[in-house]
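Undergrad: Sharing a structure, written as structure tokens. Questions coming.
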Amino acid sequence: MQKPPIIGIDLGTTNSCAAIVTADGSVKLIPYKGGDYTVPSVFAIDEKGNELIGHEAKRQWQLNPKNTVYGSKRLVGRSWSSEIVETMRKTVGYEVRPGDRNDVVIDVARREFHLQEIAARILNKIRDVASNYLRVPITRAVVTVPAYFNDRQRQAVKDAGKLVGIEVVRIINEPTAAALAYGIGKKLHETTLVYDLGGGTFDVSIIEIRDRVFEVKATGGDIFLGGLDFDNTMIHHVLTEFAAKTGIDLSQDPVAMQRIKDLAERTKCDLSTRETSPFNIPFITMTAQGQPLNIEMAFTRKKLEELTQHLVDRTLQMVARVLVDAGVSTKQIDEVMLVGGQTRMPIIQERLTKFFGKPPSKGVHPDEAVAIGAALYAHSLEDDTNLRLQLLDVIPMAIGLERAGGDFHVVFPRNAAIPNAKQIQATTSFDGQTELAMRIYQGDNEAAKKNELLGEFVFSGINAGKAGEAQVEVTFDVNVEGILTMSALDPATGRKMKTTVRVTQS
């Protein structure tokens with residue numbers, strides 16, 4: 001009996017997309033209602049208690065902002081203590097609060113949702129649409145994630161799939177998927193830089209393409225830099241201007257904020273093809289005397305570029321760092337690929353042209369390339385495929401453990417090739433100790449606690465003795481998906497233990 005096909009899914013911060021390789025070897029994007037190939041990554045519950053996903057959820061966003069969840073991918077796999085969570089709380093209209101395990105939960109219509117549950121519902125929507133379109137049940141998928149996703153976030157995506165009966169057969173990085181879409185079938189031998197600026201995240205990867213071998217030389221990114229931040233910069237400007245004219249702060253009015261957010265996104269997109277765009281919202285609020293007030297202003301492309309220059313600068317600083325990490329100069333980059341909707345902004349293309357001395361390539365569709373690459377990789381995993389690919393990827397941030405005193409001991413440096421395994425010797429630090437506990441972090445800060453806590457690895461059953469007597473062999477193993485498994489062996493007792501590092505309560 002033939003297995004159902006594996007689809008490729010780009011699970012995006014603002015929009016998601018899916019594709020499949022058909023029997024004749026061509027790639028087909030999965031269309032949604034109306035023929036769109038992308039679906040908003042938005043989840044909501046309406047006043048009747050109905051769950052809405054995608055376009056239906058986004059359409060009622062303005063009138064129901066507290067029960068409409070968007071941009072939640074930024075919170076997936078995050079601990080409540082993360083600075084990113086604190087920043088996110090200030091920019092969304094829905095309720096974000098701590099869960100029982102120091103994780104993040106969202107309250108929607110008096111119901112509690114973990115981030116994996118939100119992601120699961122979006123994945124399920126994509127799967128249902130694909131199943132109906134292809135007329136076969138879909139139970140397996142290759143899902144893409146930002147290259148800068150850490151171990152916890154990658155595991156959370158796999159967990160989301162399990163919640164709705166989708167086997168995530170492989171996780172691959174978004175820039176790598178885009179490179180597949182660009183390079184497959186061209187017999188290329190070149191070094192490509194993928195500049196991926198999407199709705200919520202920024203990634204840059206340098207990838208050496210040798211026909212069907214795709215080797216990532218270095219990667220970097222910012223999990224909190226994307227189109228939403230360009231929108232938020234515009235929103236802040238609008239609020240400041242309105243407050244200066246009227247003395248009224250609209251930031252505490254959720255319906256007004258949602259109307260401003262909607263128009264900011266549309267205006268930003270308009271300014272990619274126009275030099276100026278009106279920004280008018282009638283009856284945004286009322287004075288204390290009941291007089292209606294409007295927002296009446298205009299944005300120019302030049303003004304938008306001024307407001308967001310610091311964001312573009314941040315992307316180019318990361319590009320420069322990744323070039324150094326890869327040991328590659330700008331002249332050694334054969335192609336600069338643009339991925340993600342935000343790369344349509346003309347100033348980004350202009351700045352990249354100046355940085356590299358040549359214009360970026362437009363050889364892939366910025367919104368669809370990642371899903372197409374995921375579908376191609378999914379096809380390569382099929383039993384009857386004639387497409388064989390080799391992906392050689394890296395970990396985006398260092399993985400290590402906390403030492404006494406709080407220092408971060410690096411086991412795998414950033415951009416270490418994966419899969420990869422390393423062994424360290426651990427010992428007891430006080431007399432009578434029968435258990436070893438290690439707090440595992442991922443990040444590039446020398447202080448462990450300033451990095452992202454992945455979890456705690458506890459190994460018990462050590463023979464009690466003097467400090468330093470026991471010698472435990474601890475192995476760190478990162479698989480091809482960038483997910484960490486740890487194992488330990490006590491030679492004195494023969495006791496072994498192996499586990500995927502999981503989030504711990506702290």
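Undergrad: Output the residue which, of all residues in the stretch 291-332 that are of a type in the set (Val, Ile, Thr) and closer than 19 Å to Phe202 by Cα, is surrounded by the fewest Cβ atoms within 10 Å (Cβ to Cβ). Can you show your working first?
TA: Going residue by residue through the stretch 291-332, those that are of a type in the set (Val, Ile, Thr) are 295, 300, 308, 312, 315, 319, 322, 324, 328, 330.
Pick out the ones that are also closer than 19 Å to Phe202 by Cα and you get 308, 312, 315, 319, 322, 324.
Values: Thr308: 21, Val312: 20, Thr315: 24, Val319: 23, Val322: 23, Val324: 12.
Filtering the stretch 291-332 for residues that are of a type in the set (Val, Ile, Thr) and closer than 19 Å to Phe202 by Cα, the one surrounded by the fewest Cβ atoms within 10 Å (Cβ to Cβ) comes out as Val324.
Undergrad: Can you name the condition, by its number, that Gly482 falls short on among (1) closer than 30 Å to His114 by Cβ; (2) among the small types (Gly, Ala, Ser); (3) in a strand (DSSP E or B)?
TA: (3)
Undergrad: Before we move on, is Glu215 more than 21 Å from Pro359 (Cα to Cα), part of a strand (DSSP E or B) and in contact with a strand residue (DSSP E or B) (Cβ under 9 Å, 6 or more places away or on another chain)?
TA: yes
Undergrad: Given the condition free of Cβ contacts under 8 Å to residues at least 12 places away in the same chain and in contact with a helix residue (DSSP H, G or I) (Cβ under 6 Å, 6 or more places away or on another chain), answer yes or no: does some residue in the stretch 225-236 qualify?
TA: Scanning the stretch 225-236, I find no residue that is free of Cβ contacts under 8 Å to residues at least 12 places away in the same chain and in contact with a helix residue (DSSP H, G or I) (Cβ under 6 Å, 6 or more places away or on another chain), so the answer is no.
Undergrad: Quick check on this structure: which one of Ile138, Ile126 is in contact with a helix residue (DSSP H, G or I) (Cβ under 7 Å, 6 or more places away or on another chain), under 21 Å from Ala371 (Cβ atoms) and among the β-branched types (Val, Ile, Thr)? Write out each step before concluding.
TA: On the way: Ile126 fails: in contact with a helix residue (DSSP H, G or I) (Cβ under 7 Å, 6 or more places away or on another chain).
So the residue among Ile138, Ile126 that is in contact with a helix residue (DSSP H, G or I) (Cβ under 7 Å, 6 or more places away or on another chain), under 21 Å from Ala371 (Cβ atoms) and among the β-branched types (Val, Ile, Thr) is Ile138.
Undergrad: Still on this model: Which condition number does Arg78 fail, the rest of (1) over 23 Å from Gly221 (Cβ atoms); (2) among the basic types (Lys, Arg); (3) touching a strand residue (DSSP E or B) at 6+ places or on another chain (Cβ under 7 Å) being met?
TA: For Arg78, the exception is condition (1).
Undergrad: Would you confirm, using the coordinates I've provided, whether Tyr182 is of a type in the set (Ser, Thr, Tyr), modelled with pLDDT under 95 and not in a helix (DSSP H, G or I)?
TA: no
Undergrad: Of the numbered conditions (1) of a type outside the set (Lys, Arg); (2) over 17 Å from Ala404 (Cα atoms); (3) at pLDDT below 90, Ile483 fails exactly one; give the number of that condition.
TA: The one condition Ile483 does not meet is (3).
Residues checked against (1) in contact with a Pro (Cβ under 8 Å, 6 or more places away or on another chain); (2) more than 21 Å from Ile372 (Cβ to Cβ):
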residue: Trp80; (1), (2): yes, yes
residue: Pro98; (1), (2): no, yes
residue: Asp103; (1), (2): no, yes
residue: Glu112; (1), (2): no, yes
residue: Ser131; (1), (2): yes, no
residue: Thr144; (1), (2): no, no
residue: Lys158; (1), (2): no, yes
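Undergrad: Take the stretch 243-268 and flag every residue that is closer than 27 Å to Pro346 by Cβ and crowded, with 16+ Cβ neighbours inside 10 Å. Working first, answer last.
TA: Here is the first cut: in the stretch 243-268, the residues closer than 27 Å to Pro346 by Cβ are 259-268.
Hits for the stretch 243-268 are Arg259, Ile260, Lys261, Leu263, Ala264, Glu265, Thr267, Lys268.
Undergrad: Taking interchain pairs and intrachain pairs at least six residues apart, which have beta carbon atoms under 7 angstrom, with the first residue in the stretch 170-196 and of a type in the set (Val, Ile, Thr) and the second assigned to a loop (DSSP other than H, G, I, E, B)?
TA: Within 7 Å, the pairs are Ile171/Glu481; Thr191/Val328; Thr191/Ile333; Thr191/Asp334; Thr192/Asp334.
Undergrad: Return the residues of the stretch 13-30 that are in contact with a helix residue (DSSP H, G or I) (Cβ under 7 Å, 6 or more places away or on another chain), at pLDDT below 95 and part of a loop (DSSP other than H, G, I, E, B); say none if nothing qualifies.
TA: Once the filter is applied, which keeps residues that are in contact with a helix residue (DSSP H, G or I) (Cβ under 7 Å, 6 or more places away or on another chain), at pLDDT below 95 and part of a loop (DSSP other than H, G, I, E, B), the stretch 13-30 yields Thr13, Thr14.
Undergrad: Quick one: Leu436 ticks every box in (1) part of a strand (DSSP E or B); (2) in the same structural domain as Asp10 (by TED's automatic domain parsing) except a single one, so which number is it?
TA: So Leu436 meets the others, but not (2).
Undergrad: State the number of residues belonging to the stretch 333-381 that are of a type in the set (Ser, Thr, Tyr), buried (at least 17 other Cβ atoms within 10 Å of the Cβ) and over 18 Å from the mean Cα position of the chain (by Cα).
TA: Number of matching residues: 2.
Undergrad: Could you grab me the full set of residues in the stretch 376-397 that are under 19 Å from Glu215 (Cα atoms) and either not assigned by TED's automatic domain parsing to the domain that holds Ile20 or not in a helix (DSSP H, G or I) (or both)?
TA: Matches in the stretch 376-397: Leu381, Leu387, Arg388, Leu389, Gln390, Leu391, Leu392, Asp393, Val394, Ile395, Pro396, Met397.
Undergrad: Still on this model: Identify all residues within the stretch 398-419 that are surrounded by fewer than 18 Cβ atoms within 10 Å (Cβ to Cβ) and part of a strand (DSSP E or B); write none if there are none.
TA: Of everything in the stretch 398-419, those that are surrounded by fewer than 18 Cβ atoms within 10 Å (Cβ to Cβ) and part of a strand (DSSP E or B) turn out to be Asp407, His409, Val410, Ala417.
The values are calculated or read from the model by the stated rules, or taken from the named source; none is laboratory data. Predicted, not measured: the structure shown is a model, and the values here were computed from it. Every residue, glycine as well, gets a Cβ built from its backbone with ideal geometry; the counts of neighbours run over all protein chains shown.
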